[in-house]
1. Using a simple spin-label model with points 7 Å from Cα along the Cα→Cβ vector, what separation in nm is obtained for residue 168 and residue 94?
2. Set the Förster radius R0 to 41 Å, insert the Cβ-Cβ distance between residue 182 and residue 229 as r into 1/(1 + (r/R0)^6), and round the FRET efficiency to 0.05.
3. Show me 223-234, 108-119 ranked by packing, highest mean number of other Cβ atoms within 10 Å first.
4. Taking 22 Å as R0, compute the FRET efficiency from the Cβ-Cβ separation of residue 240 and residue 220 and round it to 0.05.
5. Cα-based Rg (one decimal) and Dmax (whole number) for the range 185-307, in Å?
C-alpha cells in the first residue's frame, strides 16, 4: 500500500499527499504517546491461572479500585513444544493461544467481580513473563509468589530479581495474608534516597487505606539507651516531611537494633503491607540483590511493595 501511494504522489500532487502522510504519522505518534501516558497510571498484574496468581489478581483489582485506575491483566504463555504438551491436532499454536485466552478471560471475570466498576482489560502473549511485564509496566506491577512457572514463581529466582531490579515502576509481590484490612502499613528506612521514596509510598498507601503506619529503623551497633535514642531521633527526622504532607496518617515508630530483614519479616506477621526501597545503606543495602530483599520476598507474611 505504501508503494502504491508514494508512486502517484510524485507525479500528481506531491504536496498534499506528503502532508497527509506526515499528518497520519504525527496523529499516530500522538495517539501512542497518549496511550503510553495512560498505561503508566494503570495497575498491571501478571496471571497464570494458579491459586496464588488469582490472589494477586484480586489484590491488584482492589488496589486499582482504591487508586481509581485501570487494571491490565497480562498472561505470558510458552509455545507447546517448550512445555511438552501433546495436542490431538496439528495446530498446536492455536491450542496454546486458546488456552491462554481462557486464562485471561477467567481472570477478567474474577477481577470485575472483585472490583465492580473498575475498568479492566487483558492480553495473552507468547513470550517470557518478565519482558512482558517490564515493557508494559504501569504505576504498579503486581505478581504472585507461587504458580505454574509463568508469573507465579517470578520472584523466587533470578528472573524475579531481574524484574524487581529493572522494572520502570513499583513492584508488588502478593504473598501471605491479604485480609488484614485494618492492619498497619510497615515501611523500613535508613534515611537513604531509596528509603525515603519507600517512606513516601508507604504514607500514600496508609492514607489511601485509612490505616496507621509503622516506620522501622533497624540499626547496628550498641543496644544501649543512648543508641536507641539517637536512632529514634534520626527516624523522626526522616519522617517529618512526610508527616507534614500526610497529617491524617497516624505513625508508630520502631527504632531497634537488629537485622533489617528479620525485623521487617517479624512485623509483617501483623501487617497489611510492607514497603521497602530498592537501595539503601547499612541494614538495607542491596535490598533486592542481597539477603534482605530475598528474605522478604520468600518469607514475608503479607504483600511486599518495592518502591521505585
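1. 3.6
2. It comes to 0.85.
3. 108-119, 223-234
4. 0.40
5. 13.1, 37
Throughout, read-outs are computed from the coordinates displayed, never taken from laboratory work. Here the structure is a predicted model, which means the values were calculated and not measured. When we count neighbours, we look across all protein chains shown, and the Cβ atoms used for this are built from the backbone with ideal geometry, even at glycine.
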